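Structure record follows, encoded as structure tokens.
The values are calculated or read from the model by the stated rules, or taken from the named source; none is laboratory data. Small disclaimer: the values here were computed from a predicted structure and weren't measured. Heads up, the Cβs are rebuilt from the backbone with ideal geometry, glycines too, and the neighbour counts pull from every protein chain shown. When the accessible area is computed, the model is the full protein with side chains, heavy atoms only, and any ligands, DNA or RNA have been set aside. Shrake-Rupley method; radii C 1.70, N 1.55, O 1.52, S 1.80 Å.
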Amino acid sequence: MVADALAGKIDLIVTKSVSRFARNTVDSLVTVRKLKEKGVEVYFEKENIFTLDSKGELLITIMSSLAQEESRSISENVTWGQRKRFSDGKVSMPYKQFLGYERGQDGIPKIVEEEAALVRRIYGLFMGGKTTCAIAKMLTSEVIPTPAGKEKWSVSTIESILTNEKYRGSARLQKFYTVDFLTKTMKQNMGEVPQYWVEQSHEPIIQPDEWDTVQKEFARRKALGHSYSGNSAFASRIVCGDCGCFYGPKVWNSTNKYRRVIWQCNNKFKGEHKCTTPHLDEETIKTRFLAAFDNLLDSKDALLENCEQVRAMYTECSAIDAELANLLREIDVVTELTRKCVEENAASAQNQDEYASRYSGYVERYSAVKSRIEALEQKRTLRLARADAFDHFIFAIRNIETAPDSFDDALWQKVIDTVTVKSNGTLVFKFQNGIAIEN
């Protein structure tokens with residue numbers, strides 16, 4: 001409409017009120033002035049204002065300011081209401097685009113079994129070794145609609161399903177917040193405003209321990225340092241003892257009845273040095289894993305006790321926390337000293353060499369403290385991640401009395417870190433608790 005008015009197609013614009021015309025003073029005045037230049041008048045019914053009147057612009061300024069404050073007030077009230085619901089642990093979901101749940105009684109999420117089966121399948125495929133890209137292609141080829149009703153599945157959609165805590169029956173609230181009430185700009189919450197974690201807020205589709213295992217597998221794949229690829233639980237787990245490269249699947253006799261899949265070093269025939277480690281078939285890996293796991297269970301009670309002690313050691317971060325607290329206080333002190341230094345230099349004439357020296361000293365001190373803080377935070381994160389690994393390992397074997405008769409993908413993912421293949425054919429199974437068993 002404004003474009004038509006500026007093009008000379010409209011002489012008068014009638015609007016109900018200033019608050020309906022624009023959300024802030026600047027937008028109102030800029031638009032009104034553009035229209036005035038073209039001889040187009042705007043009439044605001046509620047305020048009885050004609051913009052071509054000599055008093056119009058002053059009144060527009062006043063009324064627009066009031067409208068902007070009204071918008072701010074409404075936005076703050078809405079924000080307060082949302083944060084109150086968050087603090088009360090009330091969970092909401094975008095049900096129209098959320099796979100597996102619908103709004104139930106009293107607003108509590110209710111499982112939609114048909115959709116939940118697809119969610120469980122996605123988690124199963126991922127833990128079976130499939131990449132998120134492979135899962136997306138598979139679901140697209142099967143003409144299964146996405147949560148938004150689209151035909152093509154994207155990697156980001158699969159990753160969102162695999163990492164969303166609501167599938168474990170929990171909810172992290174206020175992941176994003178509104179930065180500007182006028183533009184409605186949203187920003188990921190990195191600690192600027194409170195977040196809330198609600199445990200057991202609704203019925204889970206994926207059991208918490210399984211969901212935690214998936215998050216751990218996500219982190220492992222990202223930490224590999226290269227693109228993860230695999231259609232098997234063995235992908236990026238079996239390591240060549242000669243060169244340190246991962247084993248990958250290879251198909252032998254692909255066109256005849258002797259067809260079989262074997263695993264061998266991906267770098268076996270690359271370069272001048274040829275790896276001497278042997279190839280393995282999947283049945284051999286599975287059988288020897290079960291034997292190694294059975295060996296591990298022989299001293300289960302002592303093993304669990306040791307794991308609990310190591311886990312407690314890793315979770316003990318009081319010394320790190322105390323040093324971090326001291327460093328954060330030092331950051332505050334250095335920041336204040338720097339601020340005063342700049343203010344003094346701005347307020348009165350200073351020896352600029354002395355000022356530059358003081359300022360540089362504060363910056364160097366700040367940088368050193370900041371680097372130490374980052375190093376400690378990384379150390380703390382690694383310790384807690386290691387403790388998490390022990391938690392998953394303890395949970396996986398606590399209720400197992402004997403090794404299972406058949407290979408279980410989920411058990412393999414939970415307990416195995418890597419399997420190293422030696423030149424003589426020996427397999428070294430390194431478990432998540434650090435114990436290595438040769439078989």
Unmet criterion (only one of (1) open to solvent by less than 70 Å² (accessible area, probe 1.4 Å); (2) free of Cβ contacts under 8 Å to residues at least 60 places away in the same chain; (3) under 30 Å from the mean Cα position of the chain (by Cα)) for Leu328: (1)
Selection from the range 99-121 of residues that are under 18 Å from Ala148 (Cα atoms) and of a type in the set (Val, Ile, Thr): Ile111, Val112, Val119
Conditions (1) under 15 Å from Asn439 (Cα atoms); (2) exposed (fewer than 14 other Cβ atoms within 10 Å of the Cβ); number of the one not met by Thr284: (2)
Restricting the range 120-150 to residues that are within 18 Å of the chain's Cα centre (by Cα) and among the hydroxyl-bearing types (Ser, Thr, Tyr), the residue that is surrounded by the most Cβ atoms within 10 Å (Cβ to Cβ): Thr132
Every pair of residues 6+ apart whose Cβ atoms lie under 9 Å, when the first sits in the range 236-256 and is assigned to a strand (DSSP E or B) while the second is open to solvent by 60 Å² or more (accessible area, probe 1.4 Å) and of a type in the set (Ser, Thr, Tyr): Gly248/Ser229; Trp252/Tyr258
Test: residue in the range 151-159 that is open to solvent by 60 Å² or more (accessible area, probe 1.4 Å) and either at pLDDT below 90 or in a loop (DSSP other than H, G, I, E, B) (or both): yes
Scan of the range 350-367 for residues that are open to solvent by 70 Å² or more (accessible area, probe 1.4 Å) and small (Gly, Ala, Ser), ordered by number: Ser357
Filtered residue count, the range 279-311, keeping only those that are not in a helix (DSSP H, G or I) and not hydrophobic (A, V, I, L, M, F, W, C): 4
Checking Phe293 against (1) open to solvent by 50 Å² or more (accessible area, probe 1.4 Å); (2) within 22 Å of Val428 (Cα to Cα), the condition it does not meet: (1)
Unique match (being in a loop (DSSP other than H, G, I, E, B) and at negative phi) among Ala148, Ala116: Ala148
Residue list for the range 368-387, filter: open to solvent by less than 60 Å² (accessible area, probe 1.4 Å) and at pLDDT 90 or above: Val369, Ile373, Ala375, Leu376
Residue in the range 339-349 that is of a type in the set (D, E, K, R), touching a Ser or Thr at 6+ places or on another chain (Cβ under 9 Å) and surrounded by 12 or more Cβ atoms within 10 Å (Cβ to Cβ) present: no
Residue match in the range 259-280 (condition: open to solvent by 30 Å² or more (accessible area, probe 1.4 Å), closer than 30 Å to Asn424 by Cβ and among the aromatic types (Phe, Trp, Tyr)): yes
Hits in the range 288-337 (condition: charged (D, E, K, R) and either touching a Phe, Trp or Tyr at 6+ places or on another chain (Cβ under 6 Å) or under 28 Å from Ala403 (Cα atoms) (or both)): Arg288, Asp294, Asp298, Lys300, Asp301, Glu305, Glu308, Arg311
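Matching residues to (1) within 30 Å of Arg121 (Cβ to Cβ); (2) modelled with pLDDT under 60:
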{"residue": "Lys9", "(1), (2)": "no, no"}
{"residue": "Ser19", "(1), (2)": "no, no"}
{"residue": "Ala22", "(1), (2)": "no, no"}
{"residue": "Arg33", "(1), (2)": "no, no"}
{"residue": "Phe50", "(1), (2)": "no, no"}
{"residue": "Glu76", "(1), (2)": "no, yes"}
{"residue": "Trp80", "(1), (2)": "no, yes"}
{"residue": "Asp88", "(1), (2)": "no, yes"}
{"residue": "Gly107", "(1), (2)": "yes, no"}
